[in-house]
Amino acid sequence: MELKDIENVELEFLTMEDYQSLKDLMIASYTSLTESFWGQTHIQLLLDKFPEGQIVVKVNGILAGCALSIIVDYQKYEGNHTYRDVTANYTFNSHDPNGDMLYGIDIFIKPEFRGLRLGRRLYDYRKELCEKRNLKGIAFGGRIPNYYKYSATLDPGQYIEKVKNREIDDPVFNFQISNDFHPARILKGYLEGDRASNEYAVLLEWDNIYYQKPDKRASTPKRVIRLGLIQWQMRSYQDLDELLQQAEYFIDAVSGYRCDFALFPEFFNAPLMAAYNHLSEAEAIRELAKYTEEIGDRLSGLAISYNINIITGSMPEVKPNGHLYNIGYLCRRDGTMERYEKLHVTPDEAKIWGMIGGHGLRVFDTDCGKIGILVCYDVEFPELSRLLADEGMEILFVPFLTDTQNGYSRVRNCSQARAVENECYVAIAGSVGNLPNVHNMDIQYAQSMVFTPCDFAFPANGIKAEATPNTEMILIADVDLDLLRQLNEFGSVRNLKDRRKDVFELKKR
């Protein structure tokens, strides 16, 4: 049939009224397996057990293609299995409504309708069904009907590799690969009587990137996350209570907009050093470190009371051995709190304050996905964010403190690069204004921003939101984590998947 002859194409659920047309379709489609068409009893069993999984495509009202499927508990079939196994000896008792994988029993297109991409419509329906029912994905044993031509010189694995490299043409296998299926293993003795494939098949899988592992907790995993960035004004405060009063003001504001995260800048508590201006810079910052634990505890309390995850920027911390570090806290809204460290200190921090770099690098689990936190200078080292991306990071938070515009530009440009390289969102927040009464903290320059990858689902310039430079304000932006999954699987480029791990490798000690 030619395109000009098509009046309409429709997907419909299979019914028993379609059986005679279905039988004719199967006989026409499987000329080498003429005794293998499904009988009325088999089709009735499938319709009784899983009517939603049996779909047909009709062209001008004529049955042109069909897809049959069941749901299985996939751990029973991930290893070697046969067609008889997965269909429970053709009874379909293997169908499990509570299973986690859609298993393709059959898919076929009538020869005169091939070339119209009707098979793609059937596959797309199966994918949508997986997403609707929150299944891990689709699996099926794919025939390799051209293998008999090469079986004398190639084993099935070699044959598949040559097909993937376009050295051998196999229209069936190529079609499945083009529909985002990937080979998992070779199945021996899969379909009895399939001489063209020498009874071999390839276990093909498609992964549902939206799959969420069932959770018995009374919560729904969020996929659209609202970020609240606090562009903090450096000003004088009489004491810790006054500083935290200002912090609570901002937390209240972003919480009022139902933000999931509040991000404070690096050293937002620096104004408290004004009381120690008579001391050397190294002594003053050690006095400031005495407030750190209390600030963390009190912000953790605010995280609970305002129902928001708070990233506390960073603060100085003195260990019992006298070493000075730059650290911060992730205060979750469930009351748990975890610590992170700045790994790379700037030459100025080392020289003037005697600060040293930490050692901890990890991804944090939250109720809004996996996040990473890098403090200021750390974002200029791409290895760190790549390691976090390898652990599943979806949002990278960067609290920073820069005095000049060129220092800010380093943080900004490197942060935007990290978003592209690691297919993640990057949120940066800094301080603005002046602290004339605090040595080594005189001036600040910042423009808080949220960066995205650069692809069709995101802003063309990779900027989701940006604050006004050098102005005290909050910046609120929504980020969709599902868009990252789509990018990872189907992006114009795939920076994470296309790495040449055969050439280079990155490890965390």
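Readers should treat all values here as calculations from the given coordinates under stated rules, not as data from a laboratory. Computed from a predicted structure; not experimentally measured. Backbone-built Cβ (ideal geometry, glycine too); neighbour counts: all protein chains shown.
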Charge dipole (region 289-440, unit charges on Cβ, about Cα centre) - positive-most of Thr404, Tyr377, Ala419: Thr404
About its Cα centre, what dipole magnitude does region 3-207 give when the only charges are +1 on Lys and Arg Cβ and -1 on Asp and Glu Cβ, stated in debye to the nearest 20? 360
About its Cα centre, how strong a charge dipole does region 224-490 have in debye, to the nearest 20, once Lys and Arg get +1 and Asp and Glu get -1 at the Cβ? 160
Taking Kirkwood radius over Cα pairs in Å straight from the coordinates, which label in [x] 24.4; [y] 23.3; [z] 26.5 is the correct one? [z]
Phi to ³J(HN,Hα) by Karplus 6.51 cos²θ - 1.76 cosθ + 1.60 over region 104-116, Hz, x for Gly, Pro: x, 7, 6, 8, 8, 10, 4, x, 6, 9, 6, x, 9
Averaged over all directions, how much area does the convex hull of the C-alpha atoms of region 224-490 cover when projected, in nm²? 12.7
Per-peptide average of other Cβ atoms within 10 Å, ordering 345-354, 6-15, 324-333 highest first: 324-333, 345-354, 6-15
With labels modelled as points extended 7 Å from the Cα through the Cβ direction, what inter-label distance (nm, one decimal) is found for Arg494 paired with Asp241? 5.8
If amide H atoms are modeled at 1.01 Å from N in the peptide plane, then the residues at a separation of 5 or more from Arg185, or on another chain, having amide H under 5 Å from its own are Leu203
How high is the FRET efficiency from Asp478 to Ser280, r the C-beta distance, R0 41 Å, rounded to 0.05? 0.35
Ranking of Met315, Met355 by count of other Cβ atoms within 10 Å, fewest first: Met355, Met315
Tell me whether region 49-131 comes out rounded, prolate or oblate; compute the Cα gyration tensor, take square roots of the eigenvalues as a ≥ b ≥ c, and use a/c under 1.5 as the rounded threshold. prolate
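List Ser94, Ser178, Ser305 from most exposed to least, where exposure is judged by having the fewest other Cβ atoms within 10 Å.
Numbers: Ser94 20, Ser178 10, Ser305 13.
Lowest to highest Cβ neighbour count: Ser178, Ser305, Ser94.
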Would you order Lys319, Lys58 from fewest to most other beta-carbon atoms within 10 Å of each residue's own beta-carbon? Lys319, Lys58
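With a Förster radius of 35 Å, plug the Cβ-Cβ distance of Met337 and Gln212 into 1/(1 + (r/R0)^6) and report the FRET value to the nearest 0.05. Mind showing how you got there, number by number?
Values: r = 26 Å, r/R0 = 0.74.
With R0 = 35 Å, the Cβ-Cβ based efficiency is 0.85.
How high is the relative contact order of region 224-490, given as a whole-number percent (alpha carbon pairs under 8 Å, six or more residues apart)? Could you put the intermediate results ahead of the total?
Numbers: 614 pairs, mean separation 57.6, N = 267.
With pairs under 8 Å counted, the relative contact order is 22 percent.
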Of Gln176, Thr15, Leu46, which is farthest along the charge dipole of region 3-207 in the positive direction, counting Lys and Arg as +1 and Asp and Glu as -1 at C-beta? Gln176
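How compact is region 3-207 by the rule of thumb for globular proteins, expressed as Cα Rg over 2.2 N^0.38 Å? Write down the numbers at each step before the final one.
Details: Rg = 16.4 Å, N = 205, 2.2 N^0.38 = 16.6 Å.
Cα Rg divided by the expected 2.2 N^0.38 Å: 0.99.
Once R0 is set to 35 Å, what does the formula 1/(1 + (r/R0)^6) return for the Cβ-Cβ distance between Asn134 and Asn413, expressed as a FRET efficiency to the nearest 0.05?
Numbers: r = 40 Å, r/R0 = 1.13.
Using R0 = 35 Å, I get an efficiency of 0.35.
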